[in-house]
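S.K.: The structure under discussion is supplied below as structure tokens; questions concerning it will follow.
The values are calculated or read from the model by the stated rules, or taken from the named source; none is laboratory data. Keep in mind the model is a prediction, meaning the values are calculated, not measured. A quick note on method: Cβ atoms are made from the backbone with ideal geometry, for glycine too, and the neighbour counts reach across all protein chains shown. In case anyone asks, the SASA skips ligands and DNA or RNA and just uses the protein heavy atoms, side chains included. Shrake-Rupley method; radii C 1.70, N 1.55, O 1.52, S 1.80 Å.
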Amino acid sequence: YDKNKYFDPGSPAVRNYTINVVSDIVLNYDIDAIHFDDYFYPYKVNGQAFNDQRSFKKHGGDLYPDQLDDWRRNNVNTIIKELHHAIKSVKPWVQFGISPFGVWRNKSVDPKGSNTKAGQTNYDDLYADILLWLEKGWVDYIAPQIYWEHGHPLANYDTIIDWWDQNSYGKNLYIGHGIYKAGSNTAWRDK
């Protein structure tokens with residue numbers, strides 16, 4: 001997809017492989033945490049479709065007929081839940097955290113969403129229901145990628161920070177900043 005190779009999130013074999021790798025790290029190394037970035041399903045690219053139709057028919061078509069988005073979200077929810085269990089069953093003190101895209105959902109499509117107009121969101125485009133994971137306790141912390149500046153017209157930094165603060169379900173909240181943005185426009189040149 002978009003000249004990159006991806007593991008198929010809908011494949012049970014991929015989930016098992018990922019869980020085995022993470023379990024091996026937790027078991028054999030003195031680590032404090034397992035941290036995942038926000039790549040569950042890839043960011044959408046105009047004019048391209050992520051080709052997982054065969055996997056959908058094989059692993060989800062009967063349970064989720066005509067509901068590809070729900071099936072994809074369930075795939076991601078399943079691996080997060082299974083990773084949490086795998087980590088905690090080996091070393092309960094090892095933290096599991098995610099660095100999600102900065103906007104869960106826009107308020108225009110969900111009253112629980114943030115007052116933003118992000119072009120892509122965790123829930124709708126990456127199929128990552130971060131709020132469910134926080135609510136269920138499947139992650140110990142989140143570090144949302146808040147890469148917009150104060151006053152951004154589509155995704156205001158302050159609005160997003162406040163939204164995550166109010167929706168972290170008591171889990172540790174760390175804010176991810178995109179240092180690559182430094183100097184990229186007038187707002188990012190302002191100390």
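S.K.: I'd like to verify a number: residues in segment 175-191 that are in contact with a Phe, Trp or Tyr (Cβ under 6 Å, 6 or more places away or on another chain) and not in a helix (DSSP H, G or I), how many?
M.R.: Number satisfying all stated conditions: 2.
S.K.: Identify all residues within segment 166-191 that are among the hydroxyl-bearing types (Ser, Thr, Tyr) and either crowded, with 17+ Cβ neighbours inside 10 Å or under 18 Å from the mean Cα position of the chain (by Cα) (or both); write none if there are none.
M.R.: SER168, TYR169, TYR174
S.K.: A further question on this structure: Among the numbered criteria (1) touching a residue at least 40 places away in the same chain (Cβ under 8 Å); (2) open to solvent by 20 Å² or more (accessible area, probe 1.4 Å); (3) touching a Gly at 6+ places or on another chain (Cβ under 7 Å), which single criterion is violated by GLY10?
M.R.: If we test GLY10 against (1) touching a residue at least 40 places away in the same chain (Cβ under 8 Å); (2) open to solvent by 20 Å² or more (accessible area, probe 1.4 Å); (3) touching a Gly at 6+ places or on another chain (Cβ under 7 Å), just (2) comes out false.
S.K.: Between a first residue in segment 24-52 that is among the aromatic types (Phe, Trp, Tyr) and a second residue that is assigned to a strand (DSSP E or B) and at pLDDT 95 or above, which pairs have beta carbons less than 7 Å apart while being 6 or more apart in sequence or on different chains?
M.R.: Going by the 7 Å Cβ cut-off, the qualifying pairs are PHE36/ILE98.
S.K.: So, GLY170, is that one in contact (Cβ under 8 Å) with a residue 12 or more places away in the chain and either in a loop (DSSP other than H, G, I, E, B) or among the polar types (S, T, N, Q) (or both) or not?
M.R.: Answer is no for this residue.
S.K.: Moving on to the next point. If I go through segment 108-122 residue by residue, how many of them are open to solvent by less than 50 Å² (accessible area, probe 1.4 Å) and charged (D, E, K, R)?
M.R.: Within segment 108-122, residues that are open to solvent by less than 50 Å² (accessible area, probe 1.4 Å) and charged (D, E, K, R) number 1.
S.K.: To continue, here is another question. Any chance segment 83-93 includes a residue that's aromatic (Phe, Trp, Tyr) and either open to solvent by less than 80 Å² (accessible area, probe 1.4 Å) or more than 21 Å from ALA33 (Cα to Cα) (or both)?
M.R.: no
S.K.: Also, I was wondering about something else. Can you pull out the residues in segment 119-158 that are in a helix (DSSP H, G or I) and within 21 Å of TYR43 (Cβ to Cβ)?
M.R.: The answer is ASN122, TYR123, ASP124, ASP125, LEU126, ILE130, LEU131, LEU132, TRP133, TYR157.
S.K.: Looking at (1) buried (at least 17 other Cβ atoms within 10 Å of the Cβ); (2) part of a helix (DSSP H, G or I); (3) out of contact with any Ser or Thr (no Cβ under 6 Å at 6 or more places or on another chain), which is the one condition that is false for TRP163?
M.R.: (3)
S.K.: Follow-up. Is there a residue being without any contact (Cβ under 8 Å) to a residue 24 or more places away in the chain, farther than 25 Å from LYS3 by Cβ, open to solvent by 20 Å² or more (accessible area, probe 1.4 Å) and acidic (Asp, Glu) anywhere in segment 123-136?
M.R.: For segment 123-136, residues without any contact (Cβ under 8 Å) to a residue 24 or more places away in the chain, farther than 25 Å from LYS3 by Cβ, open to solvent by 20 Å² or more (accessible area, probe 1.4 Å) and acidic (Asp, Glu): absent.
S.K.: Can you tell me which residue within segment 23-77, out of those that are open to solvent by 80 Å² or more (accessible area, probe 1.4 Å) and of a type in the set (Ser, Thr, Tyr), is nearest to SER99 (Cα to Cα)?
M.R.: Here the answer is TYR39.
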